[in-house]
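Visitor: To start, I am sharing the structure in question, which I have written as structure tokens.
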Amino acid sequence: MRFLAIALSTVTVLGTACSGRDSGTGDSATSTAGVDLNGAGATFPYPIYSKWFSDYAAATGVKINYQSIGSGGGIRQFSEGIVDFGASDGPMSDDELTRTRHGAVLHFPTVLGAVVMTYNLGAVNTPLRLSGDVISDIYMKKITKWNDSRIAALNPSVSLPATDIIVVHRSDGSGTTYVFTDYLNSASASWTVAAGGPGRGKEVNWPVGLGGQGNEGVAGQVKQTPGSIGYVELAYAKQNQLPIALIRNKAGEFVEPNIASITAAAAGVLLPSDTDYRVSIVNGPGAGGYPISSFTWLLVYKTPPDAAKAKKLVDFMRWMYTAGQQSAAALDYAPLPGDLAQRLTTRLSEISLPQTP
Amino acid sequence: MTDTVVATPDPAERAPPDGALTLAGRSIGDLIYRGLTTVFAVAIPVLLAFITFEVVAAAWPALRQFGFGFLTSSTWDAVRGQFGAAPMIYGTVVSSILALILAAPLALGVAIFLSEFSPRWLRQPLSFLVDLLAAIPSVVYGLWGMFVLLPILRESVMPFLRDTLGLGRTPFFSGPAYGNSMLAAAVILAIMILPYISAVSREVLMAVPRSQREAALAMGATKWEMIRDAVIPYARSGILGGVILGLGRALGETMAVTMLIGNRHEISPSLFAPGYTLASVIANEFAEATTVLHTSALMACGAVLLVVTLVVNAIARWLVWSVAREPKS
């Protein structure tokens, strides 16, 4: 009888394991039942999004679950209809827009972010001044020494060392890289694909430099390596007190990246009335605007498949464009200019809510 | 490795105890047990085949477009849709082999000390500490590497190798010392695989029968001669098994390497130059890859990594096999 007993106990163990799993899924089912909306995408705006979602849940009881899996993954999951909304640091391409499960997609800018140049020049105390074409040539290996005449011309009061410039870039695909290369693409003709340059993208073929993993990888490398230069998100640079370069904008001013100058960059961009908001605001014409600034977007279907969810999403976005904008600055994100937030609130009516049967 | 063979009668041949359920003279419990273990054993190759199939299927668009060029090209340009994995293949193999060269002698030394020389009271805690190295998460190694190892390499080790020893005249140690480099990746990998090799080697060395040692000592061998001529040859194939285990771990290691190797798509003979590995490029780019070709090129890297691992393991196994066949001295 021993074998039978062992067989029986095996069955019992398996049975318990199964029922354990059942109760597990039961629990998660109840917890997902408490979540009203699911979203996925960009990591860059994750801190402000999670603050918004928790504030909104506290105010209205509507729970929104957001997974910061990266813009690429967000676009993929949104296109396949797995999540109710997506989030991305770069707009979807025309090609991507044709391959969605539920038809037309609307891009809604949420906040603004900026990419800043950080560097390690030990003795130099005054903030370095740089321009788009100089940054581009540093990242294309055309400028290799810190005391290059073109850097010196921008920084007449700084005594620059005669050392090699060590270039650091992101190794992981990221919205930060997209914004940075989008800026170089706009500010320097030689950076473009047409001119044989690296072009713009979340991951480009860098002509020179070391790849750091994430903001912390780039910042860590720059902090440790004398003579290095790299780019990171503004929030990261501020919270870690990294040296930040002033960048020359189209109006010829050297601008420090901060909340005001980033919002000014968006205010300077004139959007036509029929815009789809898939616009780049880098290197914009606005006075006082910081040139390496960008929107980050929420992706929403024009005709969402689920009416109840769509209504909740629209209500949240209306809140986001009013109360939500005010909490952005505390987390080092720049709020949208007031009139733009208003325009976008009006645009929410473009999301057609299907008739409930 | 044991010499003693305990003669156990085949349970199936033994008559089932009185009263047990039987089928064709066999215990039903045994049949169920046998069936279950067979299913488990078959599940492994099936799973492997399934993974291989999925990876190759997902990699197909890139493999079809670039063909053999995927293995030989050094261009990796997501903007233009040009993908070649040669620098990553090179980086994966070189960093792992370099790590083995650094780790294997060290691990063997640790194992010999623990099994032959260590006082009893020290053996347990020291073994525990070495094994503990295997429990540290990869990302912690990466962080430690970034903030401790890289500055040491950049400021002391690399200038020492290049200038003081004059190795900078060879292509292997030339160029500027950034820190992030093939060398940094190899050193961190060496530390990470050390516990695997040393744990296996230690167990194997301890399993060498006393009689083997006593025989050597009785012949008038010194302790060193005993270890060299009697203990290590006896444990040879087991030690090599440990080395293979370490190699497998090094080939697939992702996070710590990604944080230290510099992530540059370039083949450079210099160990001071940054490189790339197959696992790193997948970790770096998969989340943000949107085009079908880019995703499929990353999957192709996964397929290549699978093949590289298989080939390296096969070579290593062949080595073990040929060594184990040699007559013991």
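The values are calculated or read from the model by the stated rules, or taken from the named source; none is laboratory data. In this text, all values refer to a predicted model and were calculated from it rather than measured experimentally. Please note: Cβ atoms are built from the backbone with ideal geometry, for glycine as well, and neighbour counts cover all protein chains shown.
Visitor: Give region B:203-235 a look and list any residue that's touching a Gly at 6+ places or on another chain (Cβ under 9 Å) and in a helix (DSSP H, G or I), or say none.
Guide: Once the filter is applied, which keeps residues that are touching a Gly at 6+ places or on another chain (Cβ under 9 Å) and in a helix (DSSP H, G or I), region B:203-235 yields B:GLU203, B:VAL204, B:LEU205.
Visitor: Which pairs do you get when a residue that is among the hydrophobic types (A, V, I, L, M, F, W, C), found in region B:45-58, comes within reach of a residue that is exposed (fewer than 12 other Cβ atoms within 10 Å of the Cβ) and assigned to a helix (DSSP H, G or I), reach meaning Cβ atoms under 6 angstrom, with the pair 6+ apart or on two chains?
Guide: Hits for this filter: zero, empty list.
Visitor: Next question. Being in a loop (DSSP other than H, G, I, E, B), more than 9 Å from every other protein chain (Cβ to nearest Cβ), closer than 16 Å to A:THR177 by Cα and without any contact (Cβ under 8 Å) to a residue 40 or more places away in the chain is the filter here, so list the residues in region A:191-241 that pass it.
Guide: The answer is A:THR192, and nothing else.
Visitor: Determine, yes or no, whether A:ASP164 is within 14 Å of chain B (Cβ to nearest Cβ), within 19 Å of A:PRO257 (Cβ to Cβ) and modelled with pLDDT under 95.
Guide: Numbers: within 14 Å of chain B (Cβ to nearest Cβ): yes; within 19 Å of A:PRO257 (Cβ to Cβ): no; modelled with pLDDT under 95: yes.
In short, no.
Visitor: Still on this model: Here are some conditions: (1) more than 17 Å from B:LEU102 (Cα to Cα); (2) within 14 Å of chain A (Cβ to nearest Cβ); (3) in a helix (DSSP H, G or I). B:PRO176 meets all but one. Which one does it not meet?
Guide: Of the numbered conditions (1) more than 17 Å from B:LEU102 (Cα to Cα); (2) within 14 Å of chain A (Cβ to nearest Cβ); (3) in a helix (DSSP H, G or I), the odd one out for B:PRO176 is (3).
Visitor: For region A:242-256, enumerate the residues that are closer than 10 Å to A:GLY289 by Cβ and assigned to a loop (DSSP other than H, G, I, E, B).
Guide: A:ASN249, A:LYS250, A:ALA251, A:GLU253
Visitor: Is it fair to say B:GLU266 is in contact with a Gly (Cβ under 9 Å, 6 or more places away or on another chain), buried (at least 24 other Cβ atoms within 10 Å of the Cβ) and over 18 Å from B:ILE101 (Cα atoms)? It would help to see each step written out before you state the result.
Guide: Numbers: in contact with a Gly (Cβ under 9 Å, 6 or more places away or on another chain): yes; buried (at least 24 other Cβ atoms within 10 Å of the Cβ): no; over 18 Å from B:ILE101 (Cα atoms): yes.
Against the criterion (in contact with a Gly (Cβ under 9 Å, 6 or more places away or on another chain), buried (at least 24 other Cβ atoms within 10 Å of the Cβ) and over 18 Å from B:ILE101 (Cα atoms)), B:GLU266 does not qualify.
Visitor: A:ALA245 versus (1) more than 10 Å from chain B (Cβ to nearest Cβ); (2) surrounded by fewer than 19 Cβ atoms within 10 Å (Cβ to Cβ): which is the lone unmet condition?
Guide: (2)
Visitor: Would you confirm whether or not region B:135-157 contains a residue that is more than 14 Å from every other protein chain (Cβ to nearest Cβ), in contact (Cβ under 8 Å) with a residue 24 or more places away in the chain, closer than 28 Å to B:MET206 by Cβ and part of a helix (DSSP H, G or I)?
Guide: Checked region B:135-157: no residue is more than 14 Å from every other protein chain (Cβ to nearest Cβ), in contact (Cβ under 8 Å) with a residue 24 or more places away in the chain, closer than 28 Å to B:MET206 by Cβ and part of a helix (DSSP H, G or I).
Visitor: Just to verify a result, which residue in region B:272-305, among those that are over 20 Å from the mean Cα position of the chain (by Cα) and closer than 23 Å to B:ILE191 by Cβ, is farthest from the other protein chains (Cβ to nearest Cβ)? Don't jump to the end; show me each part of the working.
Guide: Within region B:272-305, the first condition is being over 20 Å from the mean Cα position of the chain (by Cα), and the residues that meet it are B:272-274, B:284-300.
The next check asks that each one be closer than 23 Å to B:ILE191 by Cβ; those that pass are B:272-274, B:284.
Working: B:PHE272: 12, B:ALA273: 10, B:PRO274: 5, B:ASN284: 4 Å.
If we take residues in region B:272-305 being over 20 Å from the mean Cα position of the chain (by Cα) and closer than 23 Å to B:ILE191 by Cβ, then B:PHE272 is farthest from the other protein chains (Cβ to nearest Cβ).
Visitor: Of all residues being among the charged types (D, E, K, R) and under 18 Å from A:GLN213 (Cβ atoms) in region B:247-271, which is nearest to the other protein chains (Cβ to nearest Cβ)? Just the residue, please.
Guide: Initially, region B:247-271 is screened for residues among the charged types (D, E, K, R), giving B:249, B:253, B:264, B:266.
Now drop any that are not under 18 Å from A:GLN213 (Cβ atoms), which leaves B:253, B:264, B:266.
Details: B:GLU253: 14, B:ARG264: 6, B:GLU266: 10 Å.
Per the criteria, the residue is B:ARG264.
Visitor: Quick one: what pairs do we get from region B:116-128, first residue touching a residue at least 24 places away in the same chain (Cβ under 8 Å), second of a type in the set (Val, Ile, Thr), C-beta under 8 Å, 6+ apart or different chains?
Guide: As it stands, the answer is B:GLU116/B:ILE227; B:GLU116/B:VAL231, since those pairs meet every condition given.
Visitor: In region A:179-190, how many residues are within 13 Å of chain B (Cβ to nearest Cβ) and touching a helix residue (DSSP H, G or I) at 6+ places or on another chain (Cβ under 8 Å)?
Guide: 3
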